Amino acid sequence: MPDTQAIDHRLTELEIKASFTEDLLEQLNQVVIRQQQQIDLLVRELTDLKRQQRDSGSGEFRSLRDERPPHY
């Protein structure tokens, strides 16, 4: 017959590990959610920039370095 104290100790250790694992999984899920929100925002901004460039009528690429700053 196995030692019940040793089994209780092992079970407690497994429960602690499971608890930490669940906490880590929740933290990782929150990181993934934030990253997806950032990706969605960047995709919307990129789409808007492409639309602005298309609507500007000029088909050529213009670098911001070539433009004069507004204070000139």
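The values are calculated or read from the model by the stated rules, or taken from the named source; none is laboratory data. The model shown is predicted, which means the values in this text are computed figures rather than measured ones. Reconstructed Cβ throughout: ideal geometry from the backbone, glycine too, with neighbour counts over all protein chains shown.
Residues in segment 1-47 that are part of a helix (DSSP H, G or I), over 30 Å from the mean Cα position of the chain (by Cα) and not basic (Lys, Arg): THR4, GLN5, ALA6, ILE7, ASP8, HIS9, LEU11, THR12, GLU13, LEU14.
Scanning segment 45-66 for residues that are out of contact with any Cys (no Cβ under 8 Å at 6 or more places or on another chain), modelled with pLDDT under 95 and among the aromatic types (Phe, Trp, Tyr) turns up at least one hit.
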